[in-house]
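I have placed the structure first, in the form of structure tokens, so that the comments after it can refer back to it.
The values are calculated or read from the model by the stated rules, or taken from the named source; none is laboratory data. Because the structure is predicted, anything quoted here is derived from the model rather than measured. Note that we place each Cβ from the backbone using ideal geometry, even for glycine, and neighbour counts take in every protein chain shown. The area values use the complete protein model at the heavy-atom level, side chains included, leaving out ligands, DNA and RNA. Shrake-Rupley method; radii C 1.70, N 1.55, O 1.52, S 1.80 Å.
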Amino acid sequence: ESVKTVLTSPENRILIKRMLIKCADISNPCRPIEQCIEWAGRISEEYFAQTDEEKRQGLPVVMPVFDRNTCSIPKSQISFIDYFITDMFDAWDAFADLPNLMQHLDNNFKYWKGLDERKLRSLRPPPE
């Protein structure tokens, strides 16, 4: 009932649509683990390439944490989840009830924390 009340206002509908677009844009940590890992790798590689190119051209490095020689992908994912994802998706979940997304978020956060606790910097643990 409260959702219907919120949706009666055109301004609220616009705000909800904007929030949905933003959440969709940064939702990788809310995907199933294999998709999350794959896209974290792709995004990291994009940032590594940008940093490599900035260094090659002698430009200021915009994201020094994405130096491929020193970056910890688990740490970058943990920070991203802590600073951007958790609060935003908690609010979205309170509005739209998204238990599957929130479970994926929890699983993925634990995955990245586990790698970080093992002092690993890669997308996956080494093969056993």
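Looking at the structure I just gave you, is E54 farther than 30 Å from V6 by Cβ and open to solvent by 90 Å² or more (accessible area, probe 1.4 Å)?
no
Could you tell me which residue of segment 115-128 is farthest from C71 (Cα to Cα), considering only residues that are in contact (Cβ under 8 Å) with a residue 40 or more places away in the chain and in a helix (DSSP H, G or I)?
L115
So, R56, is that one farther than 30 Å from Y111 by Cβ and at pLDDT 95 or above or not?
Spelling it out, R56 is indeed farther than 30 Å from Y111 by Cβ and at pLDDT 95 or above.
Taking the condition among the basic types (K, R) and at pLDDT 95 or above, does K75 pass?
Yes, satisfied.
Is one or more of the residues making up segment 52-59 in contact with a helix residue (DSSP H, G or I) (Cβ under 6 Å, 6 or more places away or on another chain) and not acidic (D, E)?
No, because not a single residue in segment 52-59 is in contact with a helix residue (DSSP H, G or I) (Cβ under 6 Å, 6 or more places away or on another chain) and not acidic (D, E).
Right, W39: surrounded by 13 or more Cβ atoms within 10 Å (Cβ to Cβ), at pLDDT below 95 and not β-branched (V, I, T) or not?
Here the answer is no, as W39 does not meet what is asked.
Counting only residues that are open to solvent by 40 Å² or more (accessible area, probe 1.4 Å) and closer than 20 Å to R118 by Cα, how many does segment 57-92 have?
The qualifying residues number 8.
Farther than 17 Å from G114 by Cα, of a type in the set (G, A, S), open to solvent by less than 60 Å² (accessible area, probe 1.4 Å) and within 12 Å of the chain's Cα centre (by Cα): does that describe S44?
In short, yes.
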